[in-house]
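S.K.: Submitted below is the structure of interest, expressed as structure tokens.
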Amino acid sequence: MFRKAFTLIELLVVIAIIAILASILFPVFAQAKEAAKKTLDLGNTKQHALGVHMYAGDNDDMFPRAVYTTNINLWGWQTPHTWREAILPYVKNGEDQYWDGNKVQTFAQGGIWNTPAKQDGRGVYQANNNLMPAQCQWDNTAGSNRCDQDTNTGLATGNAPFPSVSMTDLDAPSQIAATWTVGVNPDWGASGDVADSSWWWWGGAQWPPVFSGPTSNEKWDADSNVYPTWSMPRYRYAGGLNSGFADGHAKFIKKGAFNWCKYVYVKGKLTNWNDGWDWLFDPGNACAPYAR
């Protein structure tokens with residue numbers, strides 16, 4: 001019995017249809033995968049925000065510090081205790097061990113501490129340095145290091161560390177970002193000690209500062225060993241990032257909308273580089289369009 005086979009034209013038509021369908025569906029699959037990662041990252045960020053908020057609720061409304069140390073040569077991922085370890089009892093996720101040269105210590109990594117787009121970068125989520133100050137840092141007002149150092153012991157001997165911040169100090173807890181993702185320095189395989197929260201870098205390292213667009217903090221959106229990329233916001237998902245806020249909620253913020261004036265500055269507080277820049281919000285100044 002004679003059986004009719006595909007002609008060459010029919011075969012080419014079928015192949016063309018398959019190719020067209022693939023070209024349509026593959027980007028959809030990629031977008032779906034990206035959306036899933038963004039959702040997972042948002043869940044991580046939500047846990048961080050809730051942990052920070054619950055910590056404050058149990059500690060006289062005081063937020064955790066970004067870094068706990070009296071040695072000015074030890075920061076963030078170099079120290080055994082940061083804001084991440086402070087909130088571990090509340091999130092109970094990602095606890096791990098590492099060797100620091102002397103003894104085994106607990107370090108918060110893995111689990112909710114890894115963004116799905118960057119599994120190998122320790123410390124990719126960092127704290128707002130204006131909301132959760134580090135122990136020792138340069139004080140612009142005093143013109144010296146906030147913690148003087150004993151050259152023999154490396155311990156702080158002088159000025160007191162920056163004071164912690166209370167929930168009652170905040171003018172708008174739902175608008176002040178607590179944590180977000182930052183870039184990774186490939187030479188370290190890790191991010192910065194804390195998220196840089198100085199208006200100088202967020203404003204494009206220029207005067208007058210610009211808080212939105214390619215000449216603002218967005219220019220450092222990269223995983224790079226060029227400072228300050230490893231301490232600045234990293235927009236890993238669909239042109240934006242997820243951020244946790246001081247009141248415990250989290251949300252996605254598009255690149256260009258996440259600016260220092262609206263989300264990072266803590267009004268009236270002296271914390272790290274945040275030396276009382278309320279005047280930036282006065283009419284005609286750089287933060288006036290973003291006043292909350």
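Taken together, the values in this text are just the output of simple stated rules run on the coordinates, not laboratory data. Computed from a predicted model, the values in this text were never measured in an experiment. Note: ideal-geometry Cβ built from the backbone for every residue, glycine included; neighbour counts use all protein chains shown.
S.K.: Scan around Ala190 for amide H atoms under 5 Å from its own, H built in the peptide plane at 1.01 Å from N, and keep only partners 5 or more places away or cross-chain.
M.R.: Arg122, Asn185
S.K.: Here is a follow-up. Using the number of other C-beta atoms within 10 angstrom as an exposure proxy, rank Ile15, Ile176 with the fewest first.
M.R.: Ile15, Ile176
S.K.: Fewest first, what order do Ser216, Ser224, Ser191 take by the number of other Cβ atoms within 10 Å?
M.R.: The most exposed by this proxy come first: Ser224, Ser216, Ser191.
S.K.: List the residues, sorted by chain then number, that are 5 or more residues from Asp223 or on another chain and whose placed amide H is less than 5 Å from its amide H.
M.R.: Close amide H contacts, sequence-distant or interchain: Val184.
S.K.: Which of Thr215, Thr7 has the fewest other C-beta atoms within 10 Å, and how do the rest follow up to the most?
M.R.: Thr7, Thr215
S.K.: Relative contact order for the stretch 200-289 using alpha-carbon pairs under 8 Å, separation at least 6, rounded to a whole percent?
M.R.: So the answer I get is 20 percent.
S.K.: Provide the per-residue ³J(HN,Hα) series for the stretch 241-252, in order, calculated from phi with Karplus coefficients 6.51, -1.76, 1.60 and θ = phi - 60°, each as a whole number of Hz, with x at glycine and proline positions.
M.R.: 9, 9, 9, x, 10, 5, 8, x, 8, 9, 7, 8
S.K.: For a Förster distance of 45 Å, can you work out the FRET efficiency between the beta-carbons of Val13 and Asp61, rounded to the nearest 0.05?
M.R.: Once the sixth-power term is evaluated, E becomes 0.05.
S.K.: Another question, if that's okay. Got a sec to turn the phi values of the stretch 124-131 into Karplus ³J(HN,Hα) couplings, 6.51 cos²θ - 1.76 cosθ + 1.60 with θ = phi - 60°, whole Hz, x for Gly and Pro?
M.R.: Listing the rounded values in order: 5, 9, 10, 8, 5, 5, 7, 8 Hz.
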